[in-house]
Each structure stands twice: as structure tokens, then as C-alpha cells.
Amino acid sequence: MVTGIGVVVIGRNEGQRLERCLASVVGAADVVVYVDSGSTDGSAQRARERGVQVLALDMTRPFTAARARNEGFACLQRALPDLRYVQFVDGDCEVVDGWLATAQAFLAAHPEVAVVCGRRRERFPHRSVYNLLCDLEWDTPVGEAKACGGDALMRADAFAAVSGFRPGLIAGEEPELCVRLRAGGWKVWRLAQEMTLHDAAITRFSQWWQRSLRAGYAFAEGAALHGAAPEHHWQRESRRAWTWGLGVPLAIVLASTLLGGWALLLLLIYPLQAIRLARRGARSARENWLQAVFLVLGKFPEMLGQVKFLLNRFGAGKTALIEYK
């Protein structure tokens, strides 16, 4: 067991997935805290039966994963005063055996690194194209990185020094945290080692659409917070959503009113863009094509996520979670 390390698990109604998650960390760290956000499936009781400390969130207050992780960290600090490292993990994931020791050793050998993450894989990538897309999305370059995802090992003192996650963010809280950590002189690192198995359980197009809409919302909010120089956080992603999700369609509609129906041939720019992206891919032909097509298609829900953020920001809407399962 790695000493001086705690684990914060967050979840709601994860059922068997939570069972697998807790089994993967109990006994591998000093303390495990499970933060429950209003489960009705007995998740909290299952965690207690495993000897895990359970923190039930006050659901009368607005819920975000960022808030849950922060409260879990505070609980962990109380339970483990000599806490040095904290592994955050979502309840639909399980930590690969050996990851905690590998990650802790890396941080111990690299005092300038505040966050280390590894390869997150989808448990059932062949159950749906959407699960496969998640697995491809998480296959990112190793080495120094700009951001981590929801699963990562962090230095407790660095996390506390920047006041943890921004609790009001409904998405994109991990990259936003990493922006502040890097601004404070810390580094974020991604290892090639296996880290977690994730069960996305995305089997319907509507789920994928909601997840993409949430990504667009996160891009917009991230750009609003840190889009200025030198960071330019998520400015490019936001511009692409507006360009491909709204700008190009409006230009085609305008061209068709001026030039007639022939202007609709401009819609071919979308399959041509998919072809360009697929040819740049470095995976199998099927994977390259799937990722390219959905990257292009995803600009439409991402644009709607941008619109949703703007409506909320300027008072025409109310901030609420965007859930896909």
C-alpha cells in the first residue's frame, strides 16, 4: 500500500460500477472517501460496508462534480492529516492495479509536477461506436500536458494552494484547475501507463449529442475564464464550434438566396473536412473514419453548448448540469 495517499471517489447510482471502483482502491491507499450525490440504489451503504468513509452531499445546494471532489478532499484532509497525494476517480471507473504506486513514485521523483495521469481506457469499447469514440478521445500524447481528466493523482499541497476545483463549473473543471496550477509554476504530466478503466455506457446517439453539447458549454466557459493571452484557454475549440456549427451553415444559406440552389453544393465542405481529418489519422481506417465523421458532426452540439453558456451567462437561462446518462 502507498502511504500518505488518499482517494476521492464521486458518484451517483453507479451500482456495480461503483463496486468495481471501490474494490480497485480499498487497501491500496490510506483512506478512501466516497462522495455520494443523492444515490437511491444503496451506493452509500455498499461503500460503508467496504470500510469506505461516505460523505453524502447536501443536494439542496447546486451540485457539480467539482464541488463533490472539493468536499471529498476536505473530508480526506480531516481523516488523514499527513495527506501528501490524492487520487481523484469517478465512480464509473476502476483504478488499474499498480497505478497508485507508479504515479506516486513519479511525483516523488519530479517535485515540479503537481498532477500525473495515465491512460484511461473504455471497458467496453466495442459495445457502441460512442464508447469507442470515448476510448479514442482518451488516447492522448504522453509527456508534459496542459490538462488532465477526472482521474488523476495530485499533490495535496498544490491542490489546496489553488483552492481546488472551481465549484461552480458544470463541466471542464479539470482543465481549468490545470490552468491555475500551471500559472503557479507547476507542471502536469501524462504517463504511458494504464491508469483506469471507464464504463461510459453510451449506447444512443442522444447520449453522444448531450455529451458533445456539454463539451461545447465547457469550451465556452473555459474561454470566458482564461481565454486571454497568454493561455488562450479553449479559444480555438470555441471558434471551431462557432465556425462549423453556425458560421458555415449561415454562409451557405446566404449564398443559396443569392446564387440559387447550386450554392447548396457548398455543403460538400463537411464531408471534405471529414475526409481530410480521416486521412490525417494514425489509427485503423475504421477508427480514423469514425473519429473524423463525429468530430465534424460534433461541431453542431458544441455550438449549441456555446449558445447555452451565453444564455446562462447573460441571465436568460439557469446553470444546470448537462447529463448524458
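The values are calculated or read from the model by the stated rules, or taken from the named source; none is laboratory data. Note that this is a predicted model, so its numbers are computed, not measured. In this analysis, Cβ positions are derived from the backbone assuming ideal geometry, glycine residues included, and neighbour counts consider all displayed protein chains.
On inspection, PHE294 fails the criterion of being surrounded by fewer than 14 Cβ atoms within 10 Å (Cβ to Cβ), closer than 29 Å to GLU221 by Cα and not aliphatic (A, V, I, L, M).
Going by what's in this entry, would ASN13 be described as in contact with a Gly (Cβ under 7 Å, 6 or more places away or on another chain) and not small (Gly, Ala, Ser)? In short, no. Can you find a residue in the range 232-239 that is assigned to a helix (DSSP H, G or I), of a type in the set (Lys, Arg) and closer than 28 Å to VAL129 by Cα? So far as the range 232-239 goes, yes, one or more of its residues are assigned to a helix (DSSP H, G or I), of a type in the set (Lys, Arg) and closer than 28 Å to VAL129 by Cα. Does the range 283-301 contain any residue that is under 24 Å from ARG67 (Cβ atoms) and at pLDDT 95 or above? No, that holds for no residue. In the set (1) surrounded by fewer than 18 Cβ atoms within 10 Å (Cβ to Cβ); (2) touching a helix residue (DSSP H, G or I) at 6+ places or on another chain (Cβ under 8 Å); (3) outside the structural domain of VAL296 (by TED's automatic domain parsing), GLN235 fails one condition alone, (3).
Restricting to the range 111-145, give me the number of residues that are of a type outside the set (Gly, Ala, Ser) and part of a loop (DSSP other than H, G, I, E, B).
12
Can you say whether TRP242 is at pLDDT 95 or above, hydrophobic (A, V, I, L, M, F, W, C), surrounded by fewer than 21 Cβ atoms within 10 Å (Cβ to Cβ) and within 24 Å of GLN291 (Cβ to Cβ), as far as the supplied structure shows? Criteria met by TRP242.
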